[in-house]
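As structure tokens, the structure follows; a few thoughts come after it.
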């Protein structure tokens, strides 16, 4: 059973999903990629949720009218992280379909693929304490990068 199910609204979301998957691998988390649209094949989405259940974190990737994230969240007790791809076509305005959810539906929204994977890792660390060390190391590596950049600027 994977730790994270990355559910894409279409096959064109795969490059975005692979970025998430790469960061999940850094944390030692198993993930699976699936494609199903809440608009076009809602019964398939429900089948996928039934297959993986409530013991995983779902990361949904859908743009335009993002019904997928809310639909998934409404049908599972598991955490759902919406990570919609940016679209120049709509000047980013399609993000509102991810941000505005009806009552009783609460997918988290994280725009950067790497950050979505980090959020999933933090959620999973609640039941996988060994994951905390990987998260801390990841955070420390990012702090060191900033410190090195500051030092380089200071040295001119």
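Only one of 24, 46, 29 is touching a helix residue (DSSP H, G or I) at 6+ places or on another chain (Cβ under 7 Å), modelled with pLDDT of 95 or more, surrounded by 15 or more Cβ atoms within 10 Å (Cβ to Cβ) and not in a loop (DSSP other than H, G, I, E, B); which?
24
Kindly indicate the residue of segment 49-66 that is crowded, with 19+ Cβ neighbours inside 10 Å and over 19 Å from residue 121 (Cβ atoms) and also nearest to the chain's Cα centre (by Cα) among those meeting that condition.
This residue is 62.
Within segment 90-148, work out how many residues are surrounded by 14 or more Cβ atoms within 10 Å (Cβ to Cβ), farther than 25 Å from residue 29 by Cβ, out of contact with any strand residue (DSSP E or B) (no Cβ under 9 Å at 6 or more places or on another chain) and without any contact (Cβ under 8 Å) to a residue 24 or more places away in the chain.
0
Look through segment 1-21, keep the residues that are touching a helix residue (DSSP H, G or I) at 6+ places or on another chain (Cβ under 9 Å) and in a helix (DSSP H, G or I), and return whichever of them is farthest from residue 125 (Cα to Cα).
Only one residue tops the list, namely 16.
I'd like the full set of residues that are in a loop (DSSP other than H, G, I, E, B) and touching a residue at least 40 places away in the same chain (Cβ under 8 Å), limited to segment 65-79.
Of everything in segment 65-79, those that are in a loop (DSSP other than H, G, I, E, B) and touching a residue at least 40 places away in the same chain (Cβ under 8 Å) turn out to be 66, 79.
Would you check which residues across segment 67-79 are under 19 Å from residue 41 (Cα atoms) and touching a strand residue (DSSP E or B) at 6+ places or on another chain (Cβ under 6 Å) and list them?
Those that are under 19 Å from residue 41 (Cα atoms) and touching a strand residue (DSSP E or B) at 6+ places or on another chain (Cβ under 6 Å): 68, 69, 72, 73.
Within segment 112-135, does at least one residue satisfy the condition of being closer than 19 Å to residue 10 by Cβ and in a loop (DSSP other than H, G, I, E, B)?
No: zero hits.
Could you check residue 55 against (1) more than 28 Å from residue 142 (Cβ to Cβ); (2) in a helix (DSSP H, G or I) and say which number it fails?
Failed condition: (2).
Pick from 85, 107: which is farther than 19 Å from residue 124 by Cβ and in contact with a helix residue (DSSP H, G or I) (Cβ under 6 Å, 6 or more places away or on another chain)?
Criteria check complete, one pass: 85.
The values are calculated or read from the model by the stated rules, or taken from the named source; none is laboratory data. No experiment lies behind these values; they were computed from the predicted model shown. Here the Cβ is made from the backbone with ideal geometry for all residues, glycine too, and neighbour counts use every protein chain on show.
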